[in-house]
1. Quote to one decimal, in nm, the extra length available between Ser129 and Leu246 on full extension: 0.36 nm per residue of separation minus the C-alpha distance between them.
2. Pull out a ≥ b ≥ c, the square roots of the eigenvalues of the alpha-carbon gyration tensor of the range 188-291, then state rounded if a/c is under 1.5, prolate if not and a/b is larger than b/c, and oblate in the remaining case.
3. Share of Cα-Cα pairs in the range 100-406 beyond 34 Å, in percent?
4. So if R0 is 30 Å, what FRET efficiency would Leu298 and Asn103 give, r being the distance between their Cβ atoms, rounded to the nearest 0.05?
5. List the aspartates and glutamates whose alpha-carbon lies under 20 Å from that of Lys116, not counting same-chain residues fewer than 8 positions away?
6. What is the local net charge at Lys214, summed over the other residues whose Cβ is closer than 11 Å to its Cβ (Lys, Arg +1; Asp, Glu -1)?
7. Quick one: check the C-alpha center-to-center distance for the range 322-363 versus the range 218-266, whole angstrom.
8. For the range 229-245, take each phi angle, set θ = phi - 60°, evaluate the Karplus expression 6.51 cos²θ - 1.76 cosθ + 1.60, and give the result in whole Hz per residue in order, putting x for glycine and proline.
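Derivation of every value follows stated rules applied to the coordinates shown; laboratory data play no part. Note that this is a predicted model, so its numbers are computed, not measured. Heads up, the Cβs are rebuilt from the backbone with ideal geometry, glycines too, and the neighbour counts pull from every protein chain shown.
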Amino acid sequence: MKRECVSCSTGKFLGLFMIFGLACLMLTHASKTPSVTDGLSKGLGTNEEQKVVTDVGVRFKKLLRRAPRLRPRLSGNEKVSSGIFTGKPNEHDEEKWKARQRNVKEAFTHAWSGYKKFAMGYDELLPLSMQGFDGLGGLGATVVDSLDTAMIMGLEEVVSEAGSWIESNLLERISQKGDVNLFETTIRVLGGLLSAYHLSGGDQDMNLANTGPKPTIYLEIAKNLADRLLSAFTSSPTPIPYSDVLLKNSSAHPASNLLSSTSEVSTLQLEFNYLSAISGDPKYKTEGMKVFAHFKTLPKVEGLVPIYVSPHSGEFIGQEIRLGSRGDSYYEYLIKVWLQLRSIQDGNFTYLYDMYEEAMRGVRHLLVQKTIPNELVFVGELPGGSKGSFSPKMDHLVCSAFSTLEF
């Protein structure tokens, strides 16, 4: 009986204590810090009395606050099985990744074999009609653009086939072709040649490729192409290059709307800078970097820029701002070119990082939104027109932003 009484008394005490604690928590949570007007109208006590009440509430909140939940520490095997990559895979995990590598290589080889059979030398393959199509100027864009991937994968047969075609055909194509887009030709053909030169050991004065031409072949073709592409810069009255080039006579002209895309004119510098570095000729870097130096002087909206720029006036045109097409890689190349050039002595390129940092703050403030009611993050657009307008549109190119932004 005595034990039961003690137990009962303890239970009653604990119950009363819990009720008292909950009541205090509710009172302190519901109360707010009063203003001077509230204090006068409601006859509250002195500041000292208010401070005591506040301190009590804070103490109760700290007392009843739940401890933060810590992530459990996993063993090496548990990390692998839970999908956390540790950099030290076990044998089972290593076999799984090797199998995935084989699958990717098989997919690449399948795509290449179809292209070689039905469209070799064309820019691309139309898979349904099984015909070749020159949609990028007729320089065999798929051949050149695939070469560095084949080198990375160690597919020597593809490297040999693509390299041999480039050595036998590309210079002639360059000298005979008409209109090409400056941006597309730079990132696909010029970039492909420079990647092949690097991966084959050219910038180390070595020949690492077991098949295909010597690295110097890729470099010579790249210089021939770039010399013709430079006319887009030298023909323009401003640092903003024209959008199109006639390769056969090294002339250039603007697009039909007389404008250049912001992303296109600012997505040339990585390739042109690297070509200057390996060729020893600074003219490619000089022309390419004029674009960023000019953009630094133009007005922006919290670091964000419109998607069109005039090569005739050098000014941004319109008010449409987005991270999608015609705007996307401007922001991407700001940080990439800074990373490429930051180690150069006597080269003041910190402005690129500053422009990127300001732009990312602008993206978070003006473009990043959440859906209602599920609060899914998306990046919208500023279509222009009325001040403060916002559009929830988000095209597929914006997805690349999620790898660099923290929401």
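1. 39.2 nm is the gain from fully extending Ser129 to Leu246.
2. Taking the square roots of the gyration eigenvalues as a ≥ b ≥ c, the range 188-291 is prolate.
3. Counting every Cα pair in the range 100-406, those more than 34 Å apart make up 28 percent.
4. That pair, Leu298 with Asn103, gives E of 0.05.
5. Glu106, Glu124, Asp134, Asp145, Asp148, Glu156, Glu157, Glu161, Glu167, Glu172
6. -2
7. The two parts, judged by their Cα centres, are 22 Å apart.
8. Those phi angles translate into 5, 4, 4, 5, 7, 6, 7, 7, x, 10, x, 8, x, 5, 8, 10, 10 Hz.
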